[in-house]
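The values are calculated or read from the model by the stated rules, or taken from the named source; none is laboratory data. These figures come from a predicted structure and were not determined experimentally. With ideal geometry, Cβ positions are generated from the backbone for all residues, glycine too; neighbour counts draw on all protein chains shown. For accessibility, only protein heavy atoms count, side chains too; no ligands or nucleic acids. Shrake-Rupley method; radii C 1.70, N 1.55, O 1.52, S 1.80 Å.
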Amino acid sequence: MKQVYLDNNATTIVDPLVKQAMEPFFCQMFGNPNSLHRFGTETHPEMALALDRLYSGIGAGDNDDILINSCATEGNNNVLKGVYWDVINQTGKKRIITSQIEHPAVLHTCQFLESKGAEVVYLPVNKDGIVDTQFLKRELDPDKTALVSIMWANNETGLINPIKELAEMTKEAGVLFHTDAVQAVGKVPVNVQDVPVDFLTFSAHKFHGPKGVGGLYIREGASLTPLLHGGEQMGGLRAGTVNVAFMVAMGLAMERATEALDYEDKEVRRLRDKLEDAMLSLPDVDIIGKRELRTPNTILASFKGIEGEAFLWDLNNKGVAASTGSACSSEDLQADATFQAMDVDADLAHTGVRFSLSRFTTEEEIDYSIDVVKDTVARLREISSTYSG
Ligand code: 7TS
């Protein structure tokens, strides 16, 4: 049976060239980069190249830092807990402003910090499903606020926040700004020259790198207490022997994802729109968020009267892999807050299904998925009408 992977917001296939690039670091160039012998030092040029690729990928300056870490969850924890130690615990500024639609890596960390005395404001989204600068303006009291943390693009809806405006407003107020850019890197241009963020998190497995490696960008001058203490790796900002293979892989994955941005914007978008149009040709289907406000690869669709999980099950049986939202929040969709703000039918919370493409998705796969979606919707609706009849 044909297998079509349409859950690329959860994770992506490793680019075969990226896999090939990390191969030598397991059994040949396996030295600890901190060792002084040849086994250690021979890894340095490849590590420097990987860093260069990461810096160019997001437009980082020479004096900025990019910490190589284990994932975006770690990066988000590092920023929020670091600011807790550095600012909230040391000054009268107790407030963190975030949004209701963040990934649990931010939301649950904020809830933990609330239990330790931080005051957290969870901004709602507007009728377009994005965080409005006006909402931020109301809460952004520089005397009280330690950090603003707003995601670049949402993982469930693909909706892109006005991140430049939000970051500029925060900077003008003299407050630190963090963005979780996990769902933006490799999908839309991400450039810290244009957007004045202090901290930015990304994760290799969302742009065709391996799982278990990520990056945390720190702008020059913004300091952050480390999450991990120990050795002097990463200039003392993150202790622990660097995973050289994964660092090299992430560098190449970043370069290739950045080079493919044009393809993403045109071809991935075209295939996404083709699938979306086919869904919209069916009765009682809603798609969340305007197309032009979304990353080019994402659709969150609701098929009225069809329970999301039943739908996924049927799709899976026919070889199409989609999801009911974040694999990280198993019960409710993170997007519940979005639905409320957008006045979307409450039923959607149970009927929402996310389809996310990548540059490895083919036209043939989309055509097959369209047939499967149409058949499945017809079949499930027939069953439900038989029962209700
Ligand atoms: N932030 C965002 C916006 C994400 O989408 C995810 C993963 C993470 C952080 C966590 O990344 P990790 O590197 O720590 O794994 N999101 C999803 C998802 O939408 N479905 O499965 C995982």
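Some notes on this structure:
- Inter-residue pairs, beta-carbon under 6 Å, first of a type in the set (Lys, Arg) and in the stretch 90-103, second assigned to a loop (DSSP other than H, G, I, E, B) and more than 14 Å from the ligand (Cβ to nearest atom), 6+ apart: LYS93/LYS144; LYS94/ALA118; ARG95/LYS144
- Among the residues of the stretch 284-305, the one identified as of a type in the set (Val, Ile, Thr) and touching a Leu at 6+ places or on another chain (Cβ under 6 Å) is ILE288.
- Complete set of residues in the stretch 197-232 that are within 16 Å of the ligand (Cβ to nearest atom) and surrounded by fewer than 17 Cβ atoms within 10 Å (Cβ to Cβ): LYS211, GLY212, LEU228
- Scanning the stretch 130-154 for residues that are in a loop (DSSP other than H, G, I, E, B) and open to solvent by less than 10 Å² (accessible area, probe 1.4 Å), we see that the one that is nearest to the ligand (Cβ to nearest atom) is MET151.
- Of residues in the stretch 234-245 being buried (at least 18 other Cβ atoms within 10 Å of the Cβ) and outside any loop (DSSP other than H, G, I, E, B), the one modelled with the lowest pLDDT: MET234
- Any hit, the stretch 230-240, residues being in contact with a strand residue (DSSP E or B) (Cβ under 7 Å, 6 or more places away or on another chain) and among the basic types (Lys, Arg): yes
- All positions within the stretch 256-266 that are among the acidic types (Asp, Glu) and open to solvent by less than 60 Å² (accessible area, probe 1.4 Å): GLU264
- VAL125 vs. criteria within 16 Å of the ligand (Cβ to nearest atom), assigned by TED's automatic domain parsing to the domain that holds LEU159 and assigned to a loop (DSSP other than H, G, I, E, B): yes
- Qualifying residue in the stretch 112-119 (condition: within 16 Å of the ligand (Cβ to nearest atom), open to solvent by less than 20 Å² (accessible area, probe 1.4 Å), in contact with a strand residue (DSSP E or B) (Cβ under 9 Å, 6 or more places away or on another chain) and farther than 30 Å from PHE360 by Cα): no
- Residue in the stretch 162-180 that is open to solvent by less than 10 Å² (accessible area, probe 1.4 Å), within 15 Å of the ligand (Cβ to nearest atom), in a loop (DSSP other than H, G, I, E, B) and not acidic (Asp, Glu) present: no
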